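**Student:** Right, I'll just put the structure down here and ask away after.
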Amino acid sequence: MPGVLLEDLLRPRSGPWVIAHRGASRHAPENTMPAFEAAWASGCGWIEADVQPTRDNVPVVLHDEELSRTTNGSGPIRHLSSLDVLALDAGSWFTTGSTRAYSRTPVPLLADVVQTLGPGRALLLEIKNDHTRDQVLAEMAVVKASGWDDRVFYESFHTESLRHVQAIEPGRPVGLLVEELHDDPIAACAELGAIAYNPRHTLLRDRPELVGQLHDAGIAVMAWTADEPDDWTFLTELGVDGIITNTPGDLISFQRTAHGRLSARSG
Ligand code: G3P
Ligand code: CA
């Protein structure tokens with residue numbers, strides 16, 4: 001039971017947690033070690049990463065079902081062995097101007113990503129795409145073996161994956177990712193044992209009162225993926241618990257400069 005993390009997630013704070021979406025993915029190739037290291041270096045407390053299994057059920061960090069957008073491979077990641085996936089280049093596609101600074105950056109193992117955790121650092125781990133129970137089990141085993149189990153919070157769009165987490169570890173809190181709001185989000189969370197309801201941030205424009213309702217039910221809100229100061233202001237004033245962003249350093253700077261202004265407005 002990740003007690004430390006839950007206290008961090010739900011404790012009252014002066015502003016939302018900054019959660020680096022696929023790492024600092026505006027500045028380094030998404031879901032790679034340089035992106036995660038850049039996120040930590042920016043001073044954020046959370047990173048977000050997408051985990052999927054290889055053919056031989058080794059948990060690796062990649063967003064798409066297919067390899068072609070972010071690596072020099074092709075086809076579904078689940079068709080390749082871990083040996084083949086680890087030989088891919090997940091950095092050459094990413095350019096800054098005309099520079100390819102991240103050539104030959106590999107697809108990370110989940111084990112490598114969790115090793116970067118520690119006090120003050122947490123991982124929002126999205127169980128990406130369909131998973132079998134054995135695939136979720138392998139991911140949870142890697143997290144447990146790292147010694148940082150209490151710093152990892154699982155979330156998914158796939159309710160079946162969340163059910164697998166709880167079948168493996170009864171009572172473990174999870175987060176429910178949503179592309180469309182439920183009529184009754186609190187009931188949806190209760191049914192799954194979810195303690196966080198994580199919507200696309202724009203959905204909260206239609207139902208801003210939802211954040212307070214979820215909080216009253218003891219449910220946190222981590223909104224994705226917001227990169228614009230106007231959205232950061234809106235989400236901060238709503239009182240969301242976390243903002244998932246591709247530019248964590250910019251959001252941290254925004255919080256430093258905007259904090260006084262927002263507090264003054266609400267006070
Ligand atoms: O963690 C939330 C967010 O990552 C969900 O969307 O497509 O970026 O994985 P996506
Ligand atoms: Ca994700």
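**Student:** State all residues of region 173-189 that are out of contact with any Gly (no Cβ under 8 Å at 6 or more places or on another chain), of a type outside the set (A, V, I, L, M, F, W, C), buried (at least 18 other Cβ atoms within 10 Å of the Cβ) and outside any strand (DSSP E or B); if no residue qualifies, say none.
**Tutor:** If the condition is that a residue be out of contact with any Gly (no Cβ under 8 Å at 6 or more places or on another chain), of a type outside the set (A, V, I, L, M, F, W, C), buried (at least 18 other Cβ atoms within 10 Å of the Cβ) and outside any strand (DSSP E or B), then P185 is the only one that fits.
**Student:** Here's a check for you: in region 54-69, which residue that is within 14 Å of ligand 1 (Cβ to nearest atom) and crowded, with 23+ Cβ neighbours inside 10 Å is farthest from A138 (Cα to Cα)?
**Tutor:** If we take residues in region 54-69 being within 14 Å of ligand 1 (Cβ to nearest atom) and crowded, with 23+ Cβ neighbours inside 10 Å, then L62 is farthest from A138 (Cα to Cα).
**Student:** Also, quick follow-up: Just checking, which of L162, L235 is more than 16 Å from ligand 2 (Cβ to nearest atom) and not in a strand (DSSP E or B)?
**Tutor:** L235
**Student:** Right, something else. Which members of region 189-208 meet the condition of being within 12 Å of ligand 1 (Cβ to nearest atom) and in contact (Cβ under 8 Å) with a residue 60 or more places away in the chain?
**Tutor:** Once the filter is applied, which keeps residues that are within 12 Å of ligand 1 (Cβ to nearest atom) and in contact (Cβ under 8 Å) with a residue 60 or more places away in the chain, region 189-208 yields only A196.
**Student:** Okay, moving on. Taking interchain pairs and intrachain pairs at least six residues apart, which have beta carbon atoms under 8 angstrom, with the first residue in region 112-129 and free of Cβ contacts under 8 Å to residues at least 60 places away in the same chain and over 15 Å from A24 (Cα atoms) and the second open to solvent by less than 10 Å² (accessible area, probe 1.4 Å) and within 13 Å of ligand 2 (Cβ to nearest atom)?
**Tutor:** Filtered contacts from region 112-129: V114/L123; L117/L123.
**Student:** Given the conditions (1) in contact (Cβ under 8 Å) with a residue 40 or more places away in the chain; (2) within 16 Å of ligand 1 (Cβ to nearest atom); (3) farther than 25 Å from H79 by Cβ, which single one is not true for V178?
**Tutor:** (1)
**Student:** Can you spot a residue in region 86-108 that is free of Cβ contacts under 8 Å to residues at least 60 places away in the same chain and under 27 Å from A167 (Cβ atoms)?
**Tutor:** no
**Student:** Could you check how many residues of region 1-53 are more than 16 Å from ligand 2 (Cβ to nearest atom), modelled with pLDDT of 95 or more and open to solvent by 30 Å² or more (accessible area, probe 1.4 Å)?
**Tutor:** Result for region 1-53: 8.
**Student:** Could you tell me whether R200 is within 16 Å of ligand 2 (Cβ to nearest atom), surrounded by fewer than 24 Cβ atoms within 10 Å (Cβ to Cβ) and among the basic types (K, R)?
**Tutor:** The answer is yes for R200.
**Student:** Please determine whether any residue of region 202-218 is under 16 Å from the mean Cα position of the chain (by Cα) and modelled with pLDDT of 95 or more.
**Tutor:** No, every residue in region 202-218 fails to be under 16 Å from the mean Cα position of the chain (by Cα) and modelled with pLDDT of 95 or more.
**Student:** Is it true that some residue in region 178-186 is within 16 Å of ligand 2 (Cβ to nearest atom), at pLDDT 95 or above and within 24 Å of A49 (Cβ to Cβ)?
**Tutor:** Scanning region 178-186, I find at least one residue that is within 16 Å of ligand 2 (Cβ to nearest atom), at pLDDT 95 or above and within 24 Å of A49 (Cβ to Cβ), so the answer is yes.
**Student:** Could you tell me which of the residues V165, V85 is open to solvent by less than 60 Å² (accessible area, probe 1.4 Å) and within 16 Å of ligand 1 (Cβ to nearest atom)?
**Tutor:** Of V165, V85, the one residue that is open to solvent by less than 60 Å² (accessible area, probe 1.4 Å) and within 16 Å of ligand 1 (Cβ to nearest atom) is V165.
**Student:** Look through region 98-113, keep the residues that are in contact with a helix residue (DSSP H, G or I) (Cβ under 7 Å, 6 or more places away or on another chain) and of a type in the set (A, V, I, L, M), and return whichever of them is most open to solvent (accessible area, probe 1.4 Å).
**Tutor:** Looking at the filtered set, the residue picked out is A111.
The values are calculated or read from the model by the stated rules, or taken from the named source; none is laboratory data. Just so it is clear, the model here is predicted, and its values are computed rather than measured. Backbone-built Cβ (ideal geometry, glycine too); neighbour counts: all protein chains shown. SASA here: full protein model, heavy atoms, side chains in, ligands and nucleic acids out. Shrake-Rupley method; radii C 1.70, N 1.55, O 1.52, S 1.80 Å.
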